[in-house]
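See structure below.
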Amino acid sequence: MSTLEIRDLQVAVEDKQILRGVNLTVKAGETHAIMGPNGSGKSTLAYAVAGHPKYTITGGQVLLDGVDILELSVDERARAGLFLAMQYPVEVPGVSVSNFLRSAVTAARGEAPKLREFAKDLKAGMDALSIDASFAQRNLNEGFSGGEKKRHEILQMELLKPKIAVLDETDSGLDVDALRVVSEGVNRFRASGETGVLLITHYTRILRYVKPDFVHVFAGGRIVEEGGPELADKLEAEGYEAYTKASA
Ligand code: ADP
Ligand code: MG
Ligand code: MG
């Protein structure tokens, strides 16, 4: 069973300090939601954990099963069992969804999956997410709708079977049907109890479908309040105003 431990993490972007000491532990089988106003640093946390070069670690540690992943390359992080779905996935011209996913699985496992086995897993994953078969041959992210990007993100997660998954704004830009399909995907994925999920969101609506075990409120680059799922209901009713004032 895996544990992701973020210890006093401090991150700067272009000499501007954004994260000011984040502490958070996510264990396999747990779903944590990070919620907070725009600009509070939620995506910065995801990018820093992912190893995006623009985000400079100025202090703290991120441990996956005791290993400091901040020392690892992006591929090594994936191989260690970390999955990071980014808020704005890039377009890769000339690379099909199918080829991209096979390379991603290869990078995460350290060896290529057998073609037949991969094709079978891909089809099962696409069926479960109500993705049309023709999608696999399309170019990665080229002309994808918001819903297609998110479905692709969840498909990728299901194929990679990470120990810990970090999903940033998985619910943004989704209509209700797509939100339901994506939420079911996350729920199916976490049902094994072997994966920890960190769901980062500005909105409370995905939390109606994916019930978190823990909710953390982010403001001014740190966690300012923590609680159970009832905290999400409180935020839905009252918004973030109380926190933005306190951290300003
Ligand atoms: P959230 O995801 O909570 O909306 P972000 O992490 O995106 O917050 O942003 C937090 C702060 O960091 C904002 O003030 C934003 O302008 C700044 N920031 C984030 N990423 C970058 C970047 N790549 N370049 C410059 N500033 C950035
Ligand atoms: Mg934002
Ligand atoms: Mg964000």
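Coordinate-derived values only; no laboratory data. All figures in this text were calculated on a predicted structure; none of them were measured in a lab. Don't worry about glycine lacking a Cβ; one is built from the backbone with ideal geometry, like all the others, and counts go over all protein chains shown.
What trypsin sites (Lys or Arg not before Pro) in region 37-121 are in a loop by DSSP, with at most 16 other Cβ atoms within 10 Å of the Cβ? Answer in residue order: Lys54, Lys114. The order of Ser183, Ser2, Ser103, going from fewest to most other C-beta atoms within 10 Å of their C-beta, is Ser103, Ser2, Ser183. In this simple spin-label model, placing a label point 7 Å from the Cα along the Cα-to-Cβ direction at both Met1 and Arg188 gives a separation of 2.6 nm. Between amide H atoms placed 1.01 Å from N, distances below 5 Å from Val166 occur with Phe83, Leu84, Ala85, Leu198, all of them 5 or more places distant or on a separate chain. Could you work out the longest stretch of the chain that avoids the GluC sites (Glu not before Pro) located in DSSP loops with at most 16 other Cβ atoms within 10 Å? Maximal segment without exposed cleavage sites: 15-90. For Lys245, the lysines whose Cα falls under 26 Å of its own Cα, not counting residues fewer than eight places away in the same chain, are Lys16, Lys42, Lys234. Note on Lys54 and Val67: the extension gain reaches 2.4 nm, defined as 0.36 nm multiplied by sequence separation minus the Cα-Cα distance. Shape analysis of region 1-98 yields a ratio of the Cα radius of gyration to the Kirkwood radius, Rg/Rh, of 0.97.
When both region 1-61 and region 178-248 are represented by their alpha-carbon centers, they are found 15 Å apart.
Over all distinct alpha-carbon pairs, what is the Kirkwood Rh of region 42-175 in angstrom? With all distinct Cα pairs of region 42-175 included, I get 15.7 Å. The value obtained for the chain, namely the Cα convex hull volume divided by the number of residues, is 122 Å³ per residue.
Normalised by 2.2 N^0.38 Å, where N counts its residues, the alpha-carbon radius of gyration of region 139-248 equals 1.14.
Here is the P(r) of region 144-194: all C-alpha pair distances, binned every 5 Å from 0, give 4, 22, 34, 24, 11, 4, 0 in whole percents.
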